[in-house]
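To start, the structure under review is shown below, and the notes come after it.
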Amino acid sequence: MLWEALLPPSQMGNPARMITGANGYELTFGDGNKAICLTSGLWNVNFGYGNEVVADRIERAYRKLHYATLFRHSHPDAHEAAQRILRKMGWNDGAVVFSTSGSALNDTIVKLALHRAALVGNNHAKTVVSTTGSYHGMTIASMQLSGDNLNQALYGARSPRYVHLPADDPDPWRAFFEARGSSVALIILEPLLGTGAFPLSPAVLDVIFQARKRHGFLLSADEVAVGFYRLGSLAASMNWPEPPDLIGFSKGLTNGTEASALMVISSQIKEEFVQADSMFVHGETQAGSPMATAAILGVLDFLDSVDIKAIYDRLYVAVDSDLQRLADLYGCKRRGQGLFQFLAVPNELSQDQREEFSALKLHDHFLSHGVSIQPSEGGIQIIPSITMPVDTWKEAAHRLENGLQALNHLDAQ
């Protein structure tokens, strides 16, 4: 049997959840149902399913050089992808390390921060800090980074070296830095918490920036969920009052076509390794492969061919207006930023005695109304592809409203 992710075995193999086709912004399922995708394929497909510019790059790469390793080697597309990313960010003198997923990438970022601490003589700096409720991946190390409940205790993925502090309250951060600031090697933050779409407080950021000046730790932005224009810019963290030292991208990096990720390293941190001629012990055989870098280059080609900011702005205005109307109409709480939104829902299904199935029921309910959403605690997350036409969004909003009306009727019974 195929063991499907995040489902009990009794729920696996359901044709109603088997995706048999994806084109533009619509999914087709094994039972014949069609639904507008409002998760961007779990925030991977920022620029539409079957994007022709990306497809063209991948096809050319397969016929020219379909595989080459970065283990003590390189290939031209890897160099081109790295340089174009750096130029687009304005970090021309920085560096890029390729990985294969957001989870593996965040493991790599932790390793680099610990290596760097030792390199600059801070051998006692072993602590890594992230936020409560955050999600950074499913490998053992990235689960320790995650402040969300992922059964870490069951898997032995808890360590006092990994600390979680609130995203919205600066006081615990001040107390932590006063007590343990010199022990910190890395702070890793989501610009917007991908689980639940909770904003990161500017006051928390300010405390972290002050502590970085005092203690010299690295600050990393986890842009896996929100990078590549999800919040209106290539990297949301580039809009912080001070830049991070490291930025991690995945998901939208390849428009969901390849298992790929990369870490962008600031010029200052890169130079610390270069001056010491210190080898970073890391490698993944598929990281930065020609197929992965072709997909990245295809995304960059696409972005160069359109006015992505104007496209984003048009859709955001419609999404913001329609979600606020639905929130007001049904008394729903709403939060989020840009094209990463959360809407609470009146949900009788969430009162089901079998709590492990409530999120699945919520997902299936909206799927039956022609929209694919991501269930979240107390509501749904709505993350449309950035290039979704406004007319397509309007139809999706109509279907969302039908789903909310049906839930409201259930709640009244």
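The values are calculated or read from the model by the stated rules, or taken from the named source; none is laboratory data. Computed from a predicted model, the values in this text were never measured in an experiment. Cβ placement follows ideal geometry from the backbone for every residue including glycine, while neighbour counts extend to all protein chains displayed. Just the protein is used for accessible areas: all its heavy atoms, side chains included, with ligands, DNA and RNA removed. Shrake-Rupley method; radii C 1.70, N 1.55, O 1.52, S 1.80 Å.
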Only one of LEU114, LEU70, LEU86 that is crowded, with 18+ Cβ neighbours inside 10 Å and assigned to a loop (DSSP other than H, G, I, E, B): LEU70
Index of the failed condition, ALA294 passing every other in (1) open to solvent by less than 40 Å² (accessible area, probe 1.4 Å); (2) of a type in the set (A, V, I, L, M, F, W, C); (3) farther than 16 Å from TRP43 by Cβ; (4) touching a strand residue (DSSP E or B) at 6+ places or on another chain (Cβ under 8 Å): (4)
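This table checks each residue for (1) over 28 Å from LEU119 (Cβ atoms); (2) among the small types (Gly, Ala, Ser).
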position	(1), (2)
LYS270	no, no
HIS282	no, no
ALA287	no, yes
LEU300	yes, no
LEU303	yes, no
ILE308	yes, no
TYR312	yes, no
Scan of the stretch 11-39 for residues that are without any contact (Cβ under 8 Å) to a residue 60 or more places away in the chain, buried (at least 16 other Cβ atoms within 10 Å of the Cβ) and not in a strand (DSSP E or B), ordered by number: none
Members of the stretch 154-177 that are in a loop (DSSP other than H, G, I, E, B), farther than 18 Å from LEU189 by Cα and of a type in the set (A, V, I, L, M): ALA157
Residue count for the stretch 234-262, restricted to those that are more than 14 Å from the chain's Cα centre (by Cα) and open to solvent by 10 Å² or more (accessible area, probe 1.4 Å): 9
Hey, TYR62 in contact (Cβ under 8 Å) with a residue 24 or more places away in the chain, closer than 22 Å to ASP301 by Cβ, open to solvent by 70 Å² or more (accessible area, probe 1.4 Å) and not acidic (Asp, Glu) or not: yes
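Taking the stretch 133-151, which residues are among the aliphatic types (A, V, I, L, M) and without any contact (Cβ under 8 Å) to a residue 40 or more places away in the chain? So that I can check it myself, show each step before the final result.
Taking the stretch 133-151 as the starting set, the residues that turn out to be among the aliphatic types (A, V, I, L, M) are 138, 140-141, 143, 145, 150.
Residues satisfying the conditions are MET138, ILE140, ALA141, MET143, LEU150.
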Number of the exception - ARG158 against (1) open to solvent by 40 Å² or more (accessible area, probe 1.4 Å); (2) modelled with pLDDT of 95 or more: (2)
Checking GLN341 against (1) in a helix (DSSP H, G or I); (2) more than 20 Å from ALA81 (Cα to Cα), the condition it does not meet: (1)
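Does LEU42 satisfy the condition of being closer than 30 Å to GLY194 by Cβ, assigned to a helix (DSSP H, G or I) and open to solvent by 10 Å² or more (accessible area, probe 1.4 Å)? Don't jump to the end; show me each part of the working.
Values: closer than 30 Å to GLY194 by Cβ: yes; assigned to a helix (DSSP H, G or I): yes; open to solvent by 10 Å² or more (accessible area, probe 1.4 Å): yes.
So LEU42 passes the test.
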